[in-house]
Amino acid sequence: MDNNCAVQLKDITKTFGAVVANENVSFDIRKHEVLAILGENGSGKTTVMNMLAGIYYPDSGEIFVNGNLVSIKDPKDAYDLGIGMIHQHYKLIDVFSALENIVLGLKNTDGNDLESARKRVNEICSRYGFDIDPDMKVYDMTVSQKQTLEIIKVLYRGAEILILDEPTAVLTPQETSRLFNVLRNMRDDGKAIVIITHKLNEVMEISDRVTILRKGQYIGTVNTSETNPQQLTEMMVGEKITLDINRDFIEEKHLRLEVKNLTVKNIEGKKVVDDVTFNLYSGEVLGIAGISGSGQKELLEAIMGLQKPEPGSSVVYYSTAHGVHELVGLSTKEIISHGLHLAFVPEDRLGMGLVGNMGMTDNVLLKRYRKGKGPLLHRQQPMQTAIKIKDELDVKTPSLDYPVRKLSGGNVQKVLVGREINNKPTVLMTAYAVRGLDINTSYAIYNLLNEQKKRGVAVVYVGEDLDVLLALSDRILVLCNGKVNGILDGRTANKEEVGLLMTHLKEGE
Amino acid sequence: MTLDMIIAWITAAVTFGTVIMFGCVGETLNEKAGGLNLGTPGVMMLGGIASLAGAFFYEKSVAVPNPILCVLISLISCLVATALAGLLYGFLTITLRANQNVTGLTLTMFGTGIANFFGGSLVKLSGGVGQISVAATSKAFKATMPILSTKLGIVSQLLFKYGWLTYVILALAFAMQYFFNKTRTGLNLRSVGENPATADAAGINVTLYKYMACTIGSAIAGLGGLYYVMDYVKGTWSNDSGIEALGWLAVALVIFTSWKPKNATWGAYLFGFCYWIYLYIPAGINSMLMKLFKVTRTTYMQNLYKMIPYIVTIIVLVLVSSRNKRDNQAPQSLGTSYFREER
Amino acid sequence: MANRQPILRIRKNEERSFLSKLLIKVIFIGIALLISALFINLVTKLDPLKVYASMFRGAFSTTRRTWITIRDTALLLSIAVGLTPAFKMKFWNTGAEGQILVGGLVTAAMMIYLGDKLPSGVILLLSFVGSAIAGAIWGFIPAYFKARYNTNETLFTLMMNYVGIQIVEFFVDVWDKKQSHSVGVINATNQAGWFPSIFGQQYLLNIIIVAVLTIAVYVYIKYSKHGYEVTVTGESENTARYTGINVPNVIIRTMLLSGAICGLAGFTEVAGISHTISVKTSGGRGFTAIIAAWLAKLNPIVMIIYSFLIVFLNKGAVQIASDFNLNEYASNIISAILLFCILASEFFTNYEVIFRHKEEH
């Protein structure tokens, strides 16, 4: 057996009910290298790593760690074998301090004051260049700080094999390059690093080898230096696809939304949207960039009447068909019942945009259940619409009454977007519209948005992938701490410029 | 109001408070691990009947009961019965992932049924209503500290003349607070209640912690039932489900204390004061109210005064919910079951 | 060999057919009956079969008993149906006891104060409206604070029960002429405010009222705009806000309805069955109904079956108690055993257990 081999997976199969997440997957992870696991959403790349971390147990197959056949029944077994995983959704306790999170679940070796733990954390920090306050509560941390904490946590447990699930999804370009430096340090230190990702440029930048999965199957492993993005895409998707987004220029533009001095405070009284002013025009895609939690969600919700703006805020809606309306002061119900055509695809699809336990028909009903006479519901029209959405967007569902939460992520999003554009909106706002979707569905969504733009709809696209934002948007509005930190031309802006605006407020602000 | 009356009121409040403090501390342990056990009143009923039955059969079987055996037998019967009830709750909600609200309510129905069923039989065995008494055991539980309880005048009266379980639960409440905040096991337990997925990923045995919390918590709460039978009603029994009503107040007290056992040490007595307030309404106010309601007897009015503890509880619930402080919130996963492979 | 699979693993399975779910339910109800039989045998040393025969006698041996069984099923059903809108909204209304009591109290007050002044029909109408309003108020108070401050409704409604109990205690004393802490049968002579017999059947009106309520709630939840709002709010408050539903209003409106129906159950009990008022008027049905409602997955039609099953067990247990000289709390125990078993059965309809295969390693 190769001494350099840290983990070897053999014929791993895992099913969830009727869904086969992994089928006979075999590959290995080596010390002194960064291995990228590349695959689309739903390709089973997270599932296979979860089996190494003890979250899932394989239906069949074998796992060897350092040459020994092992059985990883729970996360504790994984730690004992030196495997640490940093999940996409951080596994931290909000009300605990950093230090408490680090020692969680470990044997008590240093009394109750955590002093020796504190010392070791400081050692790890100085060794790899982390900066963290051990007594800070997690609920006060930024996303990047939480990630740092997660990495320290697994290092503290003596992990020799680190698995990171989509670690850059919520980081700025600057934070990403800092993370990559840390990963290289750890690799040079002899550790085995696995990053799960679907971003090709990151694979090219950080990894030494790439293992590709598709639809639960192992496709192959290639050396990064011997491949290129086009080849990787083909392996990942299984067919040749072009990765370009069409961006047409629409000459005719009309003012649709005039947002002025919009300010929103959260429950604790902190300004989460701070004096935001911008205009939105028909026939454009306005991209909104910003690190997560910079006020994107609250901004869109305030426009929809879901958040109460502070006095002095103004959002004026212009439409050819319905005239001019001031939206501040209107409730969501009033916006809907006045027939104002604002469509909103929220970030939390099943928790806000749809009702997971209802079928397509009842979900289409959501925006129009008040229509029709009498106290009873009228389901006939929504059913027709549901059929139309199912056919036009190719939604895969056993029936119109099948609970949408059981559908795949892509189909869920198709139901939501389909319902929203079916109303022929004047303004269409989307938040993280392609998060968690596979490449084909993502491009289908981009095409839908572009189609809407060509029809004269004013489209707002809140996104996290800067490459997509730069390719899709006519203009990019960058939010930083709830403030507008610049509005750039999408055709000329570059990534570093946007990244800098996301994190550093301009002078004099 | 005379000094004697005040002392009597305080004594009554402390005795009452002790019952619900057991319930509250036990339930807090369970809730800190994410289990909301609305079966607590039933568990306390079970604790009461088990300790009574144990003591009853022991006292009947010997001519001169040994106080130490009295205490041991009733304690052990109580702990075993209530720990089993906790285990049953745990099996249904943790392993079988049943709805916690419904399981808890059913457990209350079950505990109340068992207690009153066998309580009725014991009453019959001992010759009819009001006849049952486990005097020797009750006396052993009501034993007070020598010297301290007699020689210090009013201090003895106020602080030292309660049965020894009163001091046990006070110590237990502070110990529990220390356990939650200062020990590694306590930290792990809290993480299970906050976010079981995180605790699991950190290598903590979520199922084991949850089982331990609901079993031990249930046993602690059950002692409230024992104390009720042995001390509060002095070793008697009646099928009036009095323990159940107190059990609900114990569950409410958990929220009132914002899941901090140290707050139960005074919160429980405060509830006790409210509970007995109906006996201490000043005569002036009483007669005024009697005129207002056109009522001829004080006992009639007392029906209304007896609402006070419940109304106070409601006010407390509202006050607690209206101020939102991060560190005073319920454990985040409270009331939900955990399945690792959920997706 | 150290590398073994866990002995058993649990897997989610949401795709079981209706028939296999039904089969699992039936098996567990069978297990419940078996455990109950063991329990009975243990305390009475009697043949469980004889005991079950005795239970059946308790519920059906005479026409009158059959009517009473149906009457009590209807009463329990009406409370379960009343709880349904609240539970559909995930509002844990444990306050049905109090809502029943105040409804019954208002009915008793109408009968006492108006008994010799107004015709029986008018009293009935006033009682109907009054009890619904009283129950609605009992539902409104916790709902308001839930909507405003997100106050824990489980305990709030529970405390409202005790407030209701004390108010009833107060009025029992006030109305009781003989200082025996009992009101006795109200209007025994002229039967003013009593439910009339229909087609010679004393309890037919009770059943008609409950049947109408059940169908109305079924339609309300499934087909009405209000019901749709309730369901959406229960599934996700954020979705409700997203679609413009005024969540606080829906919470309050739904609890007014839920409280009113439970208040009406108090009306049925006092005017249609017992013709008296005491703290026993609610008789723990407010809690039993929670279980009936939840077991039926909040489907009012399925609730008929569960209400009947629970009432049947109760009647049976009471019969055993009197036949074999036990006390009536045996029925609580048997009901609880049944419920534990049905709760356990839910697991097997939603998950499957996989044992380690021997040939694997």
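The values are calculated or read from the model by the stated rules, or taken from the named source; none is laboratory data. All of these numbers come straight from a predicted model, not from anything done at the bench. Here Cβ is always computed from backbone atoms with ideal geometry, including for glycine, and neighbour counts include all displayed protein chains.
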Can you pull out the residues in the range C:93-124 that are under 24 Å from the mean Cα position of the chain (by Cα) and of a type outside the set (Gly, Ala, Ser)?
C:93, C:94, C:97, C:99, C:100, C:101, C:102, C:105, C:106, C:107, C:124
Residues that are free of Cβ contacts under 8 Å to residues at least 24 places away in the same chain, at least 1 per element: which helices (runs of 4 or more DSSP H) completely within the range B:57-171 meet that?
B:67-90, B:100-125
Are there any pairs with C-beta distances below 9 angstrom linking a residue in the range B:1-15 that is under 14 Å from residue B:274 (Cα atoms) and in contact (Cβ under 8 Å) with a residue 12 or more places away in the chain to a residue that is of a type in the set (S, T, N, Q) and buried (at least 17 other Cβ atoms within 10 Å of the Cβ), with the two at least 6 apart or on different chains, and if so which?
B:10/B:157; B:11/B:157; B:14/B:166; B:15/B:166
Every residue in the range C:233-255 that is under 18 Å from residue C:299 (Cβ atoms) and either of a type in the set (Phe, Trp, Tyr) or within 11 Å of another protein chain (Cβ to nearest Cβ) (or both), please.
C:234, C:235
Return the residues of the range B:1-48 that are surrounded by 24 or more Cβ atoms within 10 Å (Cβ to Cβ) and of a type in the set (A, V, I, L, M); say none if nothing qualifies.
B:19, B:20, B:21, B:25, B:29, B:33, B:38, B:43, B:44, B:45, B:46
Give the residue, chosen from A:444, A:431, that is crowded, with 18+ Cβ neighbours inside 10 Å, in contact with a strand residue (DSSP E or B) (Cβ under 7 Å, 6 or more places away or on another chain) and of a type in the set (Gly, Ala, Ser).
A:431
Evaluate the range B:151-159: report whether one residue or more is in contact with a Lys or Arg (Cβ under 6 Å, 6 or more places away or on another chain), within 27 Å of residue B:264 (Cα to Cα) and more than 14 Å from chain C (Cβ to nearest Cβ).
no
Pick from A:226, A:234, A:166: which is over 25 Å from the mean Cα position of the chain (by Cα) and charged (D, E, K, R)?
A:226
The listed residue being free of Cβ contacts under 8 Å to residues at least 12 places away in the same chain and of a type in the set (D, E, K, R), out of A:362, A:348
A:348
Pair list, Cβ under 9 Å, 6 or more apart: the range C:96-119 residue crowded, with 24+ Cβ neighbours inside 10 Å, other residue of a type in the set (D, E, K, R):
C:96/C:285; C:97/C:285; C:100/C:269; C:100/C:285; C:103/C:269; C:104/C:269; C:107/C:269
Looking at the range A:336-361, which of its residues are in contact with a Gly (Cβ under 6 Å, 6 or more places away or on another chain), at the interface with chain C (Cβ under 7 Å from one of its Cβ atoms) and not in a loop (DSSP other than H, G, I, E, B)?
A:336
Inspect all residues belonging to the range A:93-103 and state whether any of them is surrounded by 16 or more Cβ atoms within 10 Å (Cβ to Cβ), modelled with pLDDT under 90 and more than 8 Å from every other protein chain (Cβ to nearest Cβ).
no
Can you find a residue in the range C:207-218 that is assigned to a helix (DSSP H, G or I), among the hydrophobic types (A, V, I, L, M, F, W, C) and more than 25 Å from residue C:265 (Cα to Cα)?
no
Identify all residues within the range C:246-281 that are part of a helix (DSSP H, G or I), farther than 14 Å from residue C:194 by Cα and over 17 Å from the mean Cα position of the chain (by Cα); write none if there are none.
C:247, C:248, C:249, C:250, C:251, C:252, C:253, C:254, C:256
The residue that is farthest from the other protein chains (Cβ to nearest Cβ), considering only those in the range A:261-276 that are assigned to a strand (DSSP E or B) and touching an Asp or Glu at 6+ places or on another chain (Cβ under 9 Å), is A:261
For the range A:42-92, which positions are more than 9 Å from every other protein chain (Cβ to nearest Cβ), part of a strand (DSSP E or B) and within 29 Å of the chain's Cα centre (by Cα)?
A:83, A:84, A:86
Residue B:269, sole failed condition from (1) within 14 Å of chain C (Cβ to nearest Cβ); (2) crowded, with 18+ Cβ neighbours inside 10 Å
(1)
Of the numbered conditions (1) of a type outside the set (Val, Ile, Thr); (2) outside any loop (DSSP other than H, G, I, E, B); (3) without any contact (Cβ under 8 Å) to a residue 60 or more places away in the chain, residue A:309 satisfies every one except a single condition; which is it?
(2)
If we scan the range C:42-64, do we find a residue that is touching a residue at least 60 places away in the same chain (Cβ under 8 Å) and within 14 Å of another protein chain (Cβ to nearest Cβ)?
yes
